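Take a look at the structure set out below.
The values are calculated or read from the model by the stated rules, or taken from the named source; none is laboratory data. The model shown is predicted, which means the values in this text are computed figures rather than measured ones. Because the Cβ atoms are built from the backbone with ideal geometry, glycine has one as well, and the counts that use them run over all protein chains shown. Heads up: the accessible areas ignore ligands, DNA and RNA and are worked out on the full protein's heavy atoms, side chains in. Shrake-Rupley method; radii C 1.70, N 1.55, O 1.52, S 1.80 Å.
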Number of protein chains: 2
Amino acid sequence: MKKHNFSAGPCILPQEVFQKASQAVLDLDNSGLSILEISHRSKAFVEVMDKAQSLALEHLKLPKDEYQVLFLQGGASMQFIMSAFNLMQTKAAYLDTGAWSAKAVKEANLLGKVDVMASSKDKNYNYIPKDYEIPKDVDYFHCTSNNTIFGTQMKHFPKVDAPVVCDMSSDIFSRDIDFSYFDVIYAGAQKNMGPAGATLVAVKKSCLGKVDRKIPSMLDYQVHAAKDSMFNTPPVFSVYVSMLTLEWLKAQGGVKAIEKQNKAKADAMYAEIDRNPLFTGFAAKEDRSMMNATFNLTDESLKDKFNNLLVEAGVNGLNGHRSVGGYRASMYNALPLESVQVVVKAMQELEKQA
Amino acid sequence: MKKHNFSAGPCILPQEVFQKASQAVLDLDNSGLSILEISHRSKAFVEVMDKAQSLALEHLKLPKDEYQVLFLQGGASMQFIMSAFNLMQTKAAYLDTGAWSAKAVKEANLLGKVDVMASSKDKNYNYIPKDYEIPKDVDYFHCTSNNTIFGTQMKHFPKVDAPVVCDMSSDIFSRDIDFSYFDVIYAGAQKNMGPAGATLVAVKKSCLGKVDRKIPSMLDYQVHAAKDSMFNTPPVFSVYVSMLTLEWLKAQGGVKAIEKQNKAKADAMYAEIDRNPLFTGFAAKEDRSMMNATFNLTDESLKDKFNNLLVEAGVNGLNGHRSVGGYRASMYNALPLESVQVVVKAMQELEKQA
Ligand SMILES: Cc1ncc(COP(=O)(O)O)c(C=O)c1O
Ligand SMILES: Cc1ncc(COP(=O)(O)O)c(C=O)c1O
Ligand SMILES: [Mg+2]
Ligand SMILES: [Mg+2]
Ligand SMILES: [Mg+2]
Ligand SMILES: [Mg+2]
């Protein structure tokens, strides 16, 4: 039975992407070669890389002459230190909205002074801090647009003079915002873009080359930019599947169209969480994430009963992260509304049975 | 038509691995989920990671209590700086046997003093230097066991008191040597192990934790070791396919058995290079690589004719690297002897036609 996959990442991708990727592992476009055995310098793969990069820029509505898209390895975690290597001269401002923000702070601390503007750690990160002001003299401001673990999402971004670096791992390509506000956007592929193993970085060229330190080649955005993400062997298959997913997104009508679908899914989910007396939402309402809905049972003794209902319905990956407990419905771009309805039905069934 | 794939990496993998990987992209072991959408924390993937790690140790005959196997991202190029981050206190000894060695030297230079023991750059890296002695007071000795571009391979390793770090990207799992001589072995997956996007590191635990510097988490072997390569999201699919390839290797009889096959392929290839007056080998005979045979035409005007013969025969990826020119036959573990025979036949056909 095909599962309803709410996994927080790696996560569901479009079914037609699975089909195409599976075929390419056997034979890429009737080339007689698997996507896994072709050279990254081959014409076929250079085209894949180009297409993936230009689709990413297109979806983010970023001008090609100002921004460069890179497909790197290492995950978003590598970007915590890599972004600091490239932009930190003396000090930077960070917003602490969750476990991932906190890890970004920790790594950047190795290379300069980190000023944490505000933190929602006092309430186990169940909200987004809003009253802070970013000093003019920082090298950059770093934030996390969507907090995967806690289910909060930034709906507004502060006025800043410095470059803005954003960890968009769990909500990139999911909503129509002004991406040109950001100078560096990074995201592990394994939510809205593709399989684990590729990391997207969209970087404004004008903010690079301003630090004095010597940067190791593999951690230097300019090195990768100069070689168009081919400084060393890229994660070929993950880039290929990312390209397929970005093509799928385009066929869906792009970010604007998918945002509508994402809103419909999130609305259905949160409506039931609020309506159903057996469930309670974790995140502050105004900061709720459209990607990850976190919620708990009001009566823990119903846990086994609810889990059984979920298993029967073929629901996978709804467990909450250990630091929040309860449940987390990750509703990334490729998750159909139907899957949300299946969970809502299980919640209603629990209410009937309880 | 299925190609005879001599690509230098990414490169041919076993056909049955392509089949299994293709199926898993649709549905992993009848789980109702694609290998691309499962959580890296799922039981299914934790088992894959465990199996891949223990197979790697088994093939290298390294004791589990002394060595830890990591599956990381970033490629061998990231290991140039990562190994130095973890082992360089003040100075290290490097052997310069090719373009990749030289890049390793360049990166390590950022973190300490690099003494180049010997270099074969004087003859465009067509041999392995042998007369050098490694000082006792270095933090480690770094070498490249197989020089992918130039087609040379270390047949003997020097006596060293310091820990030995080895870039084994292009000959790991291909020959039966005493791997316990090494303290850190690293290799990009994309030759003998799997698809691009995973990097194998086998590290002797006792050589870690001896430098004073603060190491960024993602570049710290101890951080990854403590989390068993799950500090952050690993490159799930590349690790899975690596596991399949290591299983295949075991079914072939392991490293000892594959070495025999590799020797047969290399012998057939070099015999024809030497016999055929139209071709000449690039590397010094005693240092010839069993993995990458580099050779040139004695008469450049035959180039188009030979290329046509190769195309007709369905041969892919035989072009030499631009720094050597001519041809490079990469004969990794999964390449069948039959493919070598096809190239040999084309070389003989050229001789007839010329
Ligand atoms: C917001 C955010 N940042 C960073 C990460 C870490 O990503 P990776 O595992 O690719 O390093 C995650 C992982 O889920 C995440 O959700
Ligand atoms: C011996 C050797 N070292 C290092 C590398 C670089 O590997 P990567 O592209 O994975 O960084 C290669 C690539 O072919 C190689 O052959
Ligand atoms: Mg978080
Ligand atoms: Mg409620
Ligand atoms: Mg080389
Ligand atoms: Mg000859």
Problem - Other protein chain Cβ atoms within 10 Å, averaged over every residue that makes up A:78-84 - result: 3
Exercise for the section: Enumerate the helices in chain B for which the Kyte-Doolittle hydropathy averages -0.5 or more and the C-alpha atoms extend at least 27 Å along the helix's axis, using complete DSSP H runs. Expected result: none
Handout entry: Label-to-label distance, nm, for residues given as residue B:156 and residue A:31 (7 Å Cα→Cβ offset)
Key = 4.3
Completion exercise
In the neighbourhood of residue A:203 defined by beta carbon distances under 15 Å, the net charge of the other residues (Lys, Arg +1; Asp, Glu -1) is -2
Handout entry: Spacing of the two label points (7 Å from each Cα toward its C-beta) at residue A:230 and residue A:352, in nm
Key = 5.9
Problem - At least 50 Å² of accessible area lost relative to the chain alone, listed for the range B:6-33 with a 1.4 Å probe - result: B:10, B:18, B:22, B:25, B:26, B:32, B:33
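Suppose all protein chains stay in the model; what accessible area per residue would a 1.4 Å probe give for the range A:254-353, in Å²?
Values: 4490 Å² over 100 residues.
Averaged over the residues of the range A:254-353, the accessible area is 45 Å².
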Exercise for the section: Would you work out which of B:218, B:199, B:188 lies farthest towards the positive end of the dipole of the range B:184-309, given +1 charges on the beta-carbon of Lys and Arg and -1 on that of Asp and Glu, about the Cα centre? Expected result: B:218
Fill in the blank from the handout: Between chains B and A, the summed loss of accessible surface on complex formation, probed at 1.4 Å and reported to the nearest 100 square angstrom, is 4300
Problem - Stokes-Einstein D for chain A, Kirkwood Rh over Cα pairs, 10 °C, 1.306 mPa s (µm²/s) - result: 75
Practice task
With +1 on each Lys and Arg Cβ and -1 on each Asp and Glu Cβ, and nothing else charged, work out how big the dipole of chain A is about its Cα centre, in Debye to the nearest 20.
Solution key: 160
Handout entry: Unit Cα scatterers, Debye sum, the range B:284-342: log10 I(q)/I(0) for q = 0.16, 0.21 Å⁻¹
Key = -0.55, -0.94
Completion exercise
Rounded to whole angstroms and listed largest first, the alpha-carbon spread of the range A:254-353 along its three principal axes comes to 42, 28, 24
Exercise for the section: Take peptide B:231-242, look around each residue's Cβ out to 10 angstrom, count Cβ atoms belonging to other protein chains, and average those counts. Expected result: 6
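Order A:166-174, B:9-17 from most to least packed using the mean count of other Cβ atoms within 10 Å. Mind dumping the intermediate values first?
Working: A:166-174: 27.4, B:9-17: 23.3.
Going from most to least packed, we get A:166-174, B:9-17.
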Problem - Shielding by partners - mean other protein chain Cβ count within 10 Å, residues of B:34-47 - result: 6
Exercise for the section: With unit charges on the beta carbon (Lys/Arg positive, Asp/Glu negative), name the residue among B:72, B:324, B:24 whose Cα is farthest towards the positive pole of the charge dipole of chain B. Expected result: B:324
Problem - Sites residue B:65 and residue A:337 - FRET efficiency at Förster radius 51 Å, r taken between beta-carbons, to 0.05 - result: 0.50
Practice task
Give me the distance in nm between label points sitting 7 Å out from Cα along the Cα-to-Cβ direction at residue A:43 and residue B:274, one decimal.
Solution key: 3.8
Problem - Rounded to 5, percent antiparallel among DSSP beta bridges of the protein assembly as shown - result: 55
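Please report the carbon-and-sulfur percent of the accessible area for the range B:15-251; probe 1.4 Å, protein heavy atoms only, DNA, RNA and ligands left out.
Details: 4100 of 8210 Å².
The C+S portion of the solvent-accessible surface of the range B:15-251 is 50 percent.
What translational diffusion coefficient, in µm²/s and rounded to a whole number, does the Stokes-Einstein relation yield for the range B:198-298 at 25 °C and a viscosity of 0.890 mPa s, taking the hydrodynamic radius as the Kirkwood radius over Cα pairs?
Details: Rh = 17.7 Å.
Value of D from the Cα-based Kirkwood radius: 139 µm²/s.
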Practice task
May I have the extent of the alpha carbons of the range A:1-62 along their three principal axes, as whole Å values ordered from largest to smallest?
Solution key: 37, 35, 16
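Rounded to the nearest 0.05, what FRET efficiency is calculated for residue A:252 and residue A:300 with R0 set to 41 Å and r the Cβ-Cβ distance?
Step by step, r from the Cβ atoms, then E = 0.55.
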Exercise for the section: Report, largest value first, the span of the C-alpha coordinates of the protein assembly as shown along each principal axis, in whole Å. Expected result: 84, 52, 51
Practice task
Tell me the distances, shortest first, between residue B:286 and the same position across the other copies, using label points 7 Å along Cα→Cβ, in nm to one decimal.
Solution key: 7.8
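For the range B:27-163, what does the accessible surface come to per residue with a 1.4 Å probe? Please give it in Å².
Roughly 39 Å² per residue, with all protein chains present.
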